[in-house]
Structure formats: structure tokens, C-alpha cells
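Report on one structure; see the data block that follows.
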Amino acid sequence: MPRTTLTASFVLLGTAVAPPAIMIAHHFTIDVEEYFQVSAFESRVARCDWESFESRVVPQVHLLLELLARHESRATCFVLGWLAERQRDLIHTIARAGHEIASHGWDHARVTHQTPPQFRDSIRRSKSLLEEISGVPVVGFRAPSFSIVPGWEWALDFLLEEGYRYDSSLFPVRRPGYGYPGGLPHPYWIERPAGRLAEIPPTTLQLGGLRLPAAGGAYFRLLPYGLVRTALRQCERREVPGTFYIHPWEIDPGQPRLDVSWLVRARHYGGLRRSLPRLERLLTDFRFKPIRETVAALPSAQVTRQGMIVFSESAA
Ligand SMILES: [Zn+2]
């Protein structure tokens, strides 16, 4: 099999985000999508059937916005273009409340399931629509299911070419179906042929020599709250912001149950009633700000070569 060797340079930015430990503001991110759009349901729910499902996203997002307002924290919302087209008022409301609007692609197709032209169309259309609705430049992207994995780095070049300034898709763990084990567990710049892109990875927990996912989602609902809290405290000790994520359907115990395997059911429906009380706790324990503010506060003059990793990855 032919192998293409690409070279990327990672430049550690930890020193550029170093206010006193107690002042660290982390990133609270919401992947704004409907309960029936998650990747785990792909084989059960065809995209052409999405219109036939009851929409439940609006009240859940309002609940999250109310929670954030009460705790004086602001979020980054990665929104699907498909959803923005149908819920323009919701996008207005999120933006007016001071939260960042970013792109989650158009129709939740994983990058690994798209051709390069399809991916470009998805990030271009969603960015353009979200900017038109919010009136604010969209500079951030998160791939559905963190699906920028080794071999798909070309997607980072496309993001730069389409005007994005940061990505939040490289989960620095090795998991079935996703993960970017060579990535770093804190914000960093990625040098690509198309330029320099900031990477804001989901938070992980360092346990001895093990790096475990601890950024939110099912890990937040199904495992003890202390997992996420410890991971964010580890970030504070390293003087870097952590990145937490949640979906509107994760605070919706009343969502219709789809006929899926026991494993998917456990992962998707488990702990839904725990989410809101835990979010109250999280927002009490930590402060949050939009990712774009972290990226804007990372002037290149402060970028050092300390911690640079030069590595080669092979495209299969
Ligand atoms: Zn998603």
C-alpha cells in the first residue's frame, strides 16, 4: 500500500496562557445538535429522515444558557449548519448572550466518511450561514465525533484555507473510532502547509503513564464527577485551560428512545438525570470563557519552540 509521509510541527503554547492558577478560565463547549443526529445512531436514522423527528434542541439549549448566565460563564457552541438553517432564532439567542458560535460541520458527517470536496463544502457552508445569522466571524471548528484522526490531517489545511483559526477535534487518546494519540493534551499551534492553526483539544486525565478521556459527554455522565474535576485541576496546575463538552440531549431525560444496541443505549441514555446537577457543580467549581478568547490571547511573539514535537504520520 502506498504511504504518504507528512510532517507536522507542534509548538507548545502552555507558556502563553499562564495567568495565576486560580484565575484559569476553562472552555465550556456545547455541540449543538438534535438527539437523533449523533453518530452512534447513524445506522438507525437516515439523514433524509431527520425532518420526521420531533425537534427538542431549543428548550435544552435555553436551559444551558440559563445555567451559564447564572454562573456568569460563557461557552463556545459548535453548531450544525443543518440545525442553524432551521433554528435561526436559537443561534441569535446564543450569540446575543455573549457565547461564541463555531461550526460543527453541516450535517454531522464524520470527516472520515467524507471526500475532501464534501468536507470543504461542509465547513464553508456552515461557516457562511453561522456568520450570516450571528453577525460575528466564525473561527472555530469541531469535527463530528472528533473524527480528524491520523491520516486525515488534510482537513486542518482545509480549515485554514476556509478562514478558520482553530480546531477542537484532535482528542489526544487512542479510542475505537476516534482519537489522535500523537496530539498534545493542552492548546498548541499546528504548523501545516496552509499555515498555523491553533488546536484546542478536549481535556484528558493523566493517571500515571495513562492518558484518559475526561472532557465531558458520557465520561461526565457515567463516571464519578471527580474525574472531570481532577482533569481540570490538572490543567490549572499546568496553567493551561481545559476543554469540557456537553450536548443538549444530555440534559434531556425525556427524549424518545431509539432502538439501538445495549452498549449504545448505556452510553447515550445512561446518567441523563445526573447531567444538570453535575453541571451546576462544574459551573460552581470552575470559570469558563469562549475558546476564541484563548486563541486571541496567544500572540505569536509568545510562541516558543519549547516543547515542539516534530513527527511524521502516515496516510493509509
Ligand atoms: Zn456532534
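As a length-normalised measure over Cα pairs under 8 Å and 6 or more apart, the relative contact order of segment 112-241 settles at 18 percent.
In whole percent, how big is the carbon plus sulfur part of the accessible area of the chain, probe 1.4 Å, protein atoms only? Solvent-exposed carbon and sulfur of the chain make up 54 percent of the total. Here segment 173-268 is assigned +1 on the Cβ of each Lys and Arg and -1 on the Cβ of each Asp and Glu. Its dipole about the Cα centre then comes out at about 240 debye. Calculate I(q)/I(0) for segment 93-212 by the Debye formula, one identical point scatterer on each C-alpha and no solvent, and give its log10 at q = 0.11, 0.14, 0.19, 0.23 Å⁻¹ to two decimals. Scattering profile of segment 93-212, log10 relative to I(0): -0.37, -0.58, -1.02, -1.35.
The residues of the chain expose, per residue, 42 Å² of accessible area to a 1.4 Å probe. Taking the average, over residues, of other Cβ atoms within 10 Å as the packing measure, peptides 174-183, 259-268 rank 174-183, 259-268 from highest down. The stretch between R257 and R120 holds 46.0 nm of extra length on full extension. This uses 0.36 nm per residue minus the Cα-Cα distance.
Ordered by 1.4 Å accessible area with all protein chains kept, H92, H26 run largest first as H92, H26. Counted residue by residue at 0.36 nm each, then reduced by the alpha carbon distance between them, the extension gain from T230 to R47 reaches 62.1 nm. When the charge dipole of segment 204-256 is built from unit charges on Cβ atoms (+1 for Lys and Arg, -1 for Asp and Glu) and taken about the Cα centre, the candidate among Q234, G217, P253 whose Cα reaches farthest toward its positive end is Q234. Once both labels are positioned 7 Å from their Cα atoms along Cα-to-Cβ, the gap between Q206 and T284 label points is 2.9 nm. Residue order by solvent-accessible surface for E66, E72, E42 is E72, E66, E42, largest first, with ligands and nucleic acids left out and a 1.4 Å probe. T284 exposes around 90 Å² of accessible area when a 1.4 Å probe is run over every protein chain in place.
Think of the chain as having a plus end and a minus end, set by charges on the Cβ of Lys, Arg, Asp and Glu; of S126, G163, F286, F286 sits farthest toward the positive end of this dipole.
The values are calculated or read from the model by the stated rules, or taken from the named source; none is laboratory data. These numbers come from a predicted model, not from an experiment. Cβ coordinates were reconstructed from backbone atoms using ideal geometry, including for glycine residues, and neighbour counts include every protein chain displayed. Surface accessibility is based on the protein's heavy atoms, side chains included, excluding ligands, DNA and RNA. Shrake-Rupley method; radii C 1.70, N 1.55, O 1.52, S 1.80 Å.
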